[in-house]
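To start, the structure itself, in structure tokens.
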């Protein structure tokens with residue numbers, strides 16, 4: 001028994017060394033001396049000549065210019081590896097602008113350079129819904145409350161109702177007190193996404209980031225998620241990476257990104273009229289022959305606009 005326990009202990013020590021080694025790694029992004037807490041924001045976002053790279057000498061973004069007025073929805077589309085995710089990763093400062101050779105630019109929110117404000121005050125006002133939602137082995141109530149631990153039960157339920165998650169939660173064995181399996185085992189992909197939307201609705205952010213939030217669900221579930229997103233997007237500055245037309249049709253701006261640059265920009269209709277890269281991919285991969293109405297086009301929503309990243 002002692003020999004068996006000794007082997008177990010050795011394995012645990014090795015795992016602990018890996019964990020503490022990770023915790024001891026210095027952070028790549030830190031607050032500058034004198035960084036201020038950004039006040040409550042309106043959501044006016046400006047990317048000005050933004051460059052970014054992960055490996056020295058290999059720029060991922062090359063002089064990107066974007067301006068989103070408060071409350072606007074900006075859709076970002078393009079082929080795999082174009083730099084779409086990097087654009088939105090810069091907004092909550094998961095990465096900083098700039099390259100090794102000095103190219104940089106700036107990103108501002110309501111006139112505040114992101115490098116001049118504290119990360120905590122910035123990220124508290126940004127909500128993110130990703131393609132893969134991580135849920136903890138805890139109750140549904142606590143999973144939704146994750147981003148705002150002090151929220152009341154009534155506020156959690158209101159957020160679930162806004163996200164259209166309330167209906168399926170009520171059908172669970174113990175409702176909001178149902179304990180989920182690790183990573184949400186027992187729930188469908190669409191149900192996990194609705195819980196992620198409820199989380200974001202609860203924190204009520206001024207800026208919202210959606211990274212392919214509906215790309216892993218079927219058409220019927222996507223329509224349900226889309227109704228929830230429409231409520232969530234209202235009045236917020238939103239950046240949406242999407243491959244399905246239904247999530248970008250009514251965006252205030254659509255940006256086609258390729259090789260780290262914005263090569264086309266406009267509304268969905270204006271880009272189709274330009275008959276450029278966006279229109280080419282739209283016509284070849286989405287719009288079926290003979291679909292003359294918006295309803296007929298929407299019926300093809302299960303088809304991806306672009307291959308998945």
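The values are calculated or read from the model by the stated rules, or taken from the named source; none is laboratory data. As the structure is a prediction and not an experimental result, all values here were calculated from the model. With ideal geometry, Cβ positions are generated from the backbone for all residues, glycine too; neighbour counts draw on all protein chains shown.
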### Query
Out of all the residues in the stretch 194-216, which are farther than 30 Å from residue 39 by Cβ, modelled with pLDDT under 85 and crowded, with 22+ Cβ neighbours inside 10 Å?
214
### Task
Consider only pairs whose beta carbons are under 6 Å apart and that are at least six residues apart or on different chains; among these, list those whose first residue lies in the stretch 259-270 and is part of a strand (DSSP E or B) and whose second residue is surrounded by fewer than 16 Cβ atoms within 10 Å (Cβ to Cβ).
264/276
### Message
For the stretch 73-97, give me each residue that is crowded, with 17+ Cβ neighbours inside 10 Å and at positive phi.
### Response
78, 83, 93
## Note on the structure
With criteria (1) closer than 17 Å to residue 83 by Cβ; (2) touching a strand residue (DSSP E or B) at 6+ places or on another chain (Cβ under 6 Å); (3) at pLDDT below 90, residue 268 comes up short on (1)
### Summary
Over the stretch 123-151, the set of residues surrounded by 16 or more Cβ atoms within 10 Å (Cβ to Cβ) and touching a strand residue (DSSP E or B) at 6+ places or on another chain (Cβ under 7 Å) is 125, 126, 127, 128, 129, 131, 139
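Among the residues of the stretch 56-72, how many are more than 12 Å from residue 87 (Cβ to Cβ) and crowded, with 19+ Cβ neighbours inside 10 Å?
As a first pass, look at the stretch 56-72 and keep what is more than 12 Å from residue 87 (Cβ to Cβ): 56-59, 63, 67, 69-72.
Going one step further and asking which of them are crowded, with 19+ Cβ neighbours inside 10 Å, we end up with 59.
Result for the stretch 56-72: 1.
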